[in-house]
1. If you scan the range 165-193, which residues turn out to be of a type in the set (D, E, K, R) and crowded, with 24+ Cβ neighbours inside 10 Å?
2. Can you find a residue in the range 41-52 that is under 16 Å from Pro207 (Cα atoms), of a type outside the set (A, V, I, L, M, F, W, C) and touching a residue at least 12 places away in the same chain (Cβ under 8 Å)?
3. Can you tell me how many residues within the range 37-52 are modelled with pLDDT of 85 or more, part of a helix (DSSP H, G or I) and closer than 15 Å to Lys101 by Cα?
4. Does Val108 count as surrounded by fewer than 18 Cβ atoms within 10 Å (Cβ to Cβ), touching a residue at least 60 places away in the same chain (Cβ under 8 Å) and among the hydrophobic types (A, V, I, L, M, F, W, C)?
5. Show the residue pairs meeting these rules: Cβ distance below 6 Å; 6+ apart or different chains; first residue within the range 66-91 and within 18 Å of Gly145 (Cα to Cα); second residue surrounded by fewer than 20 Cβ atoms within 10 Å (Cβ to Cβ).
6. Only residues in the range 201-215 that are closer than 10 Å to Leu19 by Cα count as the first member; pair them with residues that are charged (D, E, K, R), Cβ under 9 angstrom, at least 6 apart or cross-chain, and list the lot.
7. Ser175 versus (1) within 26 Å of Met3 (Cα to Cα); (2) of a type in the set (Ser, Thr, Tyr); (3) modelled with pLDDT of 90 or more: which is the lone unmet condition?
8. Assess whether Val196 counts as being more than 19 Å from Val61 (Cα to Cα), more than 12 Å from the chain's Cα centre (by Cα) and either surrounded by fewer than 18 Cβ atoms within 10 Å (Cβ to Cβ) or of a type in the set (D, E, K, R) (or both).
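The values are calculated or read from the model by the stated rules, or taken from the named source; none is laboratory data. Everything quoted here is computed from the prediction, not taken from an experiment. Neighbour counts are summed over all protein chains in view; Cβ atoms, including those assigned to glycine, are modelled from backbone coordinates with ideal geometry.
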Amino acid sequence: MDMCQIVSVALVVLCGGFLQGTVAFGFGLFSVPLLLMMGLPIPAVLAIASVCTLVQAGSGVHHLRQAVPWKDVGISVVVRGVAMLLGIWVLRALVNYPIVKIKFWIGVVMLLLVILQVSWKPQPRARLHGGWNLAAFLTSGFTGGLCSMGGPPLVLWVMAHDWTVERTRAFLFASFMSLVPFQLAILYWTFGDDVVYGMVLGAVLSPVVLLGSLLGLRIGAHFSKPLLRRLAFLLLAAIAINAIFPQVWRLL
């Protein structure tokens, strides 16, 4: 990578860290399509996103450590870990597809998840039926393994609870952080050197994502959460559409 590419990647992870710091999700949704557009191989992109998520979510857990519901986090991590294996297996089958098609389908998944989060407004309650828990965690694990976009199903799940903002953000940060080591190990076992390259680059960029995360945590504590969410959804939808439309024109 030349200096221009390194600076571009750094800006992406800075903005991704800022986004996730404010609303507690969205790093993968934001960064993965943009990093793919820069020509990086998808295993390296997922490794970069995983390392940066570990750094960013770890910062969030430390900041909100008193509010983390560790029992719920533990259950989610176990179920999501099983589903993540399937997601990575599917990714292995798709990794040699043309990059424009990979970006197209990631954009489609991303846009559908954003639309689902915007349109679905559940009545918050203390606990959900076990079937909803299983569906949310399995979907999150699968999409996390496939394209590092496991956040939206978890966001939908926590939005259905009558939790405080601090508990909600703490759960998301802790869930993302706890699964990353397992994800990196499986990615390395599956793809080898591309993952090592991404892990090294992610580690080098960790101060950048940490800076974005700390800024986002500060701003997220002072501004309206509904407003921040709407802005995040608009940005993520724009990135998804940008990933989809080149392929749509090719199909036409």
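1. Initially, the range 165-193 is screened for residues of a type in the set (D, E, K, R), giving 166-167, 169, 193.
Passing the criteria: only Arg169.
2. Yes, the range 41-52 contains a residue that is under 16 Å from Pro207 (Cα atoms), of a type outside the set (A, V, I, L, M, F, W, C) and touching a residue at least 12 places away in the same chain (Cβ under 8 Å).
3. Within the range 37-52, the first condition is being modelled with pLDDT of 85 or more, and the residues that meet it are 38, 40-52.
From the residues that got through so far, the ones that are part of a helix (DSSP H, G or I) too are 42-52.
Narrowing further to those that are closer than 15 Å to Lys101 by Cα: 42.
Number satisfying all stated conditions: 1.
4. On the way: surrounded by fewer than 18 Cβ atoms within 10 Å (Cβ to Cβ): yes; touching a residue at least 60 places away in the same chain (Cβ under 8 Å): yes; among the hydrophobic types (A, V, I, L, M, F, W, C): yes.
Yes.
5. Gly81/Phe182; Ala83/Leu138; Ile88/Ile186; Ile88/Thr190
6. Close Cβ pairs (under 9 Å, with a partner that is charged (D, E, K, R)) do not exist here.
7. Of everything listed in (1) within 26 Å of Met3 (Cα to Cα); (2) of a type in the set (Ser, Thr, Tyr); (3) modelled with pLDDT of 90 or more, Ser175 misses just condition (1).
8. Values: more than 19 Å from Val61 (Cα to Cα): yes; more than 12 Å from the chain's Cα centre (by Cα): yes; either surrounded by fewer than 18 Cβ atoms within 10 Å (Cβ to Cβ) or of a type in the set (D, E, K, R) (or both): yes.
Considered against the rule, which asks whether it is more than 19 Å from Val61 (Cα to Cα), more than 12 Å from the chain's Cα centre (by Cα) and either surrounded by fewer than 18 Cβ atoms within 10 Å (Cβ to Cβ) or of a type in the set (D, E, K, R) (or both), Val196 comes out as yes.
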